[in-house]
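Reviewing the structure listed below.
The values are calculated or read from the model by the stated rules, or taken from the named source; none is laboratory data. All values reported here derive from a predicted model rather than from experimental measurement. Quick reminder, even Gly has a Cβ in these numbers, built from the backbone with ideal geometry, and neighbours come from all protein chains shown. Just so you know, the surface numbers come from the protein's heavy atoms only, side chains and all, with ligands and any DNA or RNA stripped out. Shrake-Rupley method; radii C 1.70, N 1.55, O 1.52, S 1.80 Å.
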Protein chains: 2
Amino acid sequence: MPAKRHAKRRSECPLNASVEMLGDRWSLLIIRDMMLRGFRTYKEFLECYEGIATNILADRLRKLVAYGIVTTELDPSDGRKVIYLLTEKGIDLAPVLTEMVLWAAAHEDTGNQALVRQMQKDKTQFLAGVRKRWAKQVVPPERKRSGSETA
Amino acid sequence: MPAKRHAKRRSECPLNASVEMLGDRWSLLIIRDMMLRGFRTYKEFLECYEGIATNILADRLRKLVAYGIVTTELDPSDGRKVIYLLTEKGIDLAPVLTEMVLWAAAHEDTGNQALVRQMQKDKTQFLAGVRKRWAKQVVPPERKRSGSETA
DNA sequence: CAAGTTACTTGTAAAATGCAAGTTAAGTTA
DNA sequence: TAACTTAACTTGCATTTTACAAGTAACTTG
């Protein structure tokens with residue numbers, strides 16, 4: 001169900017719509033951290049490998065919520081915490097992330113080969129896994145479990 | 001064949017690599033114009049719907065060439081013209097573009113439904129088409145043919 | 001209740017972007 | 001062949017975005 005058109009887009013092109021929402025240096029990394037690493041709080045995002053600045057993080061989260069890609073709820077057991085979750089629309093970005101990972105892995109010298117191999121082996125199954133882990137009443141998978149990182 | 005790692009990336013993550021190369025408001029639109037609309041000269045890119053500024057266009061083309069996504073050659077029949085072409089690496093972005101288009105089409109109110117339906121109907125065939133049209137000694141398809149735009 | 005945590009905001013410097021106006025080399029026209 | 005046009009940029013400057021450092025308010029913990 002398409003959302004109503006954002007105020008003033010530069011064009012009607014669907015690719016442009018995606019680029020206007022996601023075309024910056026941080027948004028997709030935040031989504032990656034939610035989708036693949038199970039991050040859900042501000043503090044966790046702040047500690048991402050790439051080192052996002054706190055004001056930029058706040059701004060990006062605000063925009064992702066405004067776009068309907070992310071929702072928030074309050075942590076019932078800790079009044080300080082805000083929990084950030086992917087919406088359906090956000091989960092539907094999994095194929096985009098996957099193709100971007102596979103493209104970079106094919107053409108650049110990058111790390112996290114475990115994830116890449118998993119995606120290469122069976123893309124469909126990988127996407128099903130993401131979808132399943134994010135099915136309503138999410139319990140983000142394998143957080144804090146020691147061993148190889150997921151992203 | 002992976003390229004050697006770019007000077008200083010923020011992290012080893014393949015998604016981050018993609019974002020560092022393509023995560024801005026213009027790069028993917030330029031690639032779209034090459035891939036889907038058959039654009040190949042500076043002037044054509046300048047006239048894109050979204051209205052890129054000339055200095056930004058020059059900068060993005062320079063970067064895309066540096067990343068190995070685009071190459072240039074001189075037009076043998078007009079010494080003023082520079083011809084920009086997608087490399088294999090650039091053509092391999094087709095699945096990324098496709099997923100971004102399908103995502104936006106599914107969740108936003110966008111135009112160019114012809115392209116979207118074509119992608120939805122048979123993604124594999126669509127990608128094969130792009131690949132075929134860009135096979136060595138490219139003659140970009142259907143440029144200047146009247147009727148519905150391709151992108 | 002004092003000391004931490006969490007999720008931010010504010011201020012400011014640095015970098016990226018956008019806009020208008022050149023510039024240069026090559027091609028076209030009268 | 002001189003004047004004009006075109007293609008691909010560059011330059012200068014104002015505006016916007018990003019980055020970095022330092023707060024702050026609400027809440028929890030010991």
Inter-residue pairs, beta-carbon under 8 Å, first away from every other protein chain (no Cβ under 13 Å) and farther than 12 Å from B:Gly90 by Cα and in the range B:48-70, second in a strand (DSSP E or B) and more than 6 Å from DNA strand C (Cβ to nearest atom), 6+ apart
B:Leu61/B:Val70; B:Leu61/B:Tyr84
Looking at the range A:43-83, which of the residues that are surrounded by 13 or more Cβ atoms within 10 Å (Cβ to Cβ) and modelled with pLDDT under 95 is farthest from DNA strand C (Cβ to nearest atom)?
A:Tyr49
When residues of the range A:84-94 are filtered for being assigned to a helix (DSSP H, G or I) and open to solvent by less than 30 Å² (accessible area, probe 1.4 Å), how many remain?
4
Can you name the residue in the range A:24-41 that is within 11 Å of DNA strand D (Cβ to nearest atom) and open to solvent by 10 Å² or more (accessible area, probe 1.4 Å) and is also farthest from the other protein chains (Cβ to nearest Cβ) among such residues?
A:Trp26
